[in-house]
Every structure is written in structure tokens, then in C-alpha cells.
Amino acid sequence: MDFTSEQRLDDGVLEREFTLGEIPGILWTPASASAPAPLLLLGHPPLGLRKMYPRLAARARHCAAEGFATATIELPGSGDRPRWPAAEQARADLRRAMEAGEPVSDQIVDALILPLVDKAVPEWQAALDALLSLPEIGGPVGYSGGVISIGIRLAVVEPRISAAVLFAGSFVPRAMFDEARQVTIPLHVLLQWDDEGNNRQAALDLFDAFSSKEKSLHAHLGGHTGVPQFAGDAAAQFFTRHLK
């Protein structure tokens with residue numbers, strides 16, 4: 001891990017950009033901490049870190065106020081990373097189906113999500129290796145938001161992740177339901193009831209599939225970007241309960 005820039009935000013949070021091989025990322029650490037801070041991995045949609053930065057930084061600063069370090073990385077094929085023709089074709093097929101008012105086929109969902117999960121999860125694990133080697137970062141670790149299928153896979157294969165906040169706002173391949181049944185860590189799941197790009201019933205079925213003994217579903221009225229502020233507060237309380 002090589003740090004490429006550093007700045008103090010106005011609330012004292014230290015923001016450092018880094019690269020891990022070809023993968024860009026950002027690490028935020030609280031203004032002051034008497035011990036290594038627990039870590040939250042901030043997931044996000046594949047729109048590029050530059051576009052997502054305002055929302056990610058706001059989430060990071062909110063978490064820092066609760067004593068958490070947070071980090072995120074650029075997803076494969078996004079931002080300044082090399083283009084991924086297969087993913088771009090899948091996104092084009094998805095847009096075409098939705099604009100035509102047609103059902104989104106399993107083939108489109110699989111082509112869009114499954115290769116992304118296969119590539120992104122090992123990169124998140126490599127980032128986790130590097131982050132946990134820093135003296136200011138300690139366990140336990142949580143995962144928050146982003147493409148829900150990535151969160152599911154990480155919860156299954158990465159034992160260092162102790163709890164997760166998942167956002168039911170992206171398409172989920174049928175194969176991921178089998179993986180969801182292997183998830184046992186505590187879960188806090190957010191669902192926007194009127195999400196224009198999400199199948200509500202599929203999201204409810206996915207929640208049923210999780211095998212976690214502690215799981216809660218928090219549904220709110222509104223579209224994809226209408227998550228209320230108090231939902232973020234509840235998610236922070238969830239992580240405080242399980243990681244501190």
C-alpha cells in the first residue's frame with residue numbers, strides 16, 4: 001500500500017488516498033484515538049470514486065465521529081481503472097431493458113454482477129490485509145453498503161468481517177441466494193420501499209435467505225437515493241454495538 005496524498009478535513013479527520021497495485025483507494029481515520037480504531041469497509045456502486053466521493057466522505061466523517069476508521073477502493077472497470085468491455089455491455093443491456101419497460105433477464109443480471117463479485121472480493125481482501133497492517137487500524141471489521149452481492153460474498157469468505165450493513169438496492173443473481181444462506185454474521189439491511197431500480201420482493205426473499213441469528217430489515221418510503229439521515233444513525237449504532 002502506497003499513500004499518494006494526505007489532508008486534514010475541517011473536522012480533523014485524516015484523509016489519505018492510496019494505491020494498492022493498480023487499485024486506488026481512500027482511508028479516513030478519526031482525528032484522535034487512544035487505541036487502534038475498528039475498521040469499516042465502505043462499499044459503493046460502480047460509478048467511480050470521484051463521482052461517489054461526496055457521499056463516501058460524508059459517510060466516513062459520520063463514522064469517524066463514532067470512533068471508526070473507514071476505507072474504500074475503486075471497483076474493477078470503474079473510475080480511472082481499465083475499461084471492462086463485458087461489464088459495459090451488460091450495463092448497456094440493462095439500460096435498454098429498463099428504458100423499454102421490459103423485465104431484466106437473469107442473463108443480464110448474471111453478466112453484470114457475477115464477474116464483478118468474482119473480481120472485486122479478492123481485491124477487498126487484499127486491501128483488508130494492507131489496512132490491518134497499519135498501526136492505527138485494528139479489528140474487528142465491518143462492511144457497509146455498496147453492491148449487496150459483494151457484501152454477501154465477503155460475509156461468506158472473509159472471517160475478519162464481524163458485522164455488515166447491506167443496502168438492498170442492486171440486482172441480485174439467483175446464485176447469490178445460495179451464498180446468502182451461508183451468511184451468519186449480524187446484519188442490518190436497508191431497503192428503500194419505492195426503489196425504482198430494485199425488485200422489492202426479491203429483496204425481501206434475499207433477507208429471508210440470510211442465516212444470521214441477528215438480522216434486521218429497515219424499510220423506508222422513497223426511491224433509491226432517499227435513504228433518511230436517521231437510517232445512517234441507526235447503522236452507526238449497529239456497528240458500535242457489534243464492533244466496539
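For region 34-133, the per residue solvent-accessible surface stands at 47 Å², with DNA, RNA and ligands left out and a 1.4 Å probe.
Across region 129-190, the mean sequence separation of Cα contacts (distance under 8 Å, 6 or more residues apart), normalised by length, yields a relative contact order of 33 percent. Helix 85-99 axis versus longest C-alpha principal axis of the chain: approximately 60°, rounded to the nearest ten.
The shape of region 51-118 comes out prolate: with a ≥ b ≥ c from the C-alpha gyration tensor, a/c is at least 1.5 and a/b beats b/c. Under the rule a/c < 1.5 gives rounded, and otherwise a/b versus b/c splits prolate from oblate, where does region 176-230 land using the Cα gyration tensor? Oblate, since a/c reaches 1.5 and b/c is not below a/b. Under a model in which nothing but the beta-carbon of Lys, Arg (+1) and Asp, Glu (-1) is charged, the chain shows a dipole of about 280 debye around its Cα centre. All C-alpha to C-alpha distances of region 1-113, sorted into 5 Å bins beginning at zero, yield P(r) values of 2, 11, 18, 18, 15, 11, 9, 8, 6, 2, 0, 0 percent in whole numbers.
For the Cα atoms of the chain, what angle does the longest principal axis make with the long axis of helix 229-243, in degrees from 0 to 90, nearest 10? It is inclined by approximately 60 degrees.
Taking Lys and Arg as +1 and Asp and Glu as -1, the other residues whose beta-carbon sits under 13 Å from that of Ala175 total -2. Other residues whose C-beta falls under 10 angstrom from the C-beta of Pro24 contribute a net charge of -2, scoring Lys and Arg +1 and Asp and Glu -1. Pairing the Cα long axis of helix 148-157 with the longest principal axis of the chain, what angle in degrees results, from 0 to 90 and rounded to the nearest 10? The angle comes out near 60 degrees. Which of rounded, prolate or oblate describes region 141-244 when judged by the alpha-carbon gyration tensor and an a/c cut-off of 1.5? Oblate is the answer for region 141-244, as a/c is 1.5 or above yet b/c matches or exceeds a/b. Computed on the chain, with alpha-carbon pairs under 8 angstrom and 6+ residues apart, the relative contact order is 15 percent. When all alpha carbon pairs of region 137-197 are counted in 5 Å bins from zero, the resulting P(r) reads 4, 18, 30, 25, 14, 6, 3, 1 %. In a DSSP loop and with at most 15 other Cβ atoms within 10 Å, the GluC sites (Glu not before Pro) in region 2-56 are Glu22.
The apolar share of the surface of region 119-208, taken as the fraction of accessible area on carbon and sulfur atoms (1.4 Å probe, ligands and nucleic acids excluded), comes to 53 percent. Among the trypsin sites (Lys or Arg not before Pro) found in region 126-187, those both in a DSSP coil and sparsely packed, with 10 or fewer other Cβ atoms within 10 Å of their Cβ, are Arg174.
Based on C-alpha pairs under 8 angstrom that are at least 6 apart in sequence, region 111-244 has a relative contact order of 22 percent.
The values are calculated or read from the model by the stated rules, or taken from the named source; none is laboratory data. In this text, all values refer to a predicted model and were calculated from it rather than measured experimentally. Here the Cβ is made from the backbone with ideal geometry for all residues, glycine too, and neighbour counts use every protein chain on show. Each accessible area value is taken on the protein alone, full model and side chains, heavy atoms only, with ligands, DNA and RNA left out. Shrake-Rupley method; radii C 1.70, N 1.55, O 1.52, S 1.80 Å.
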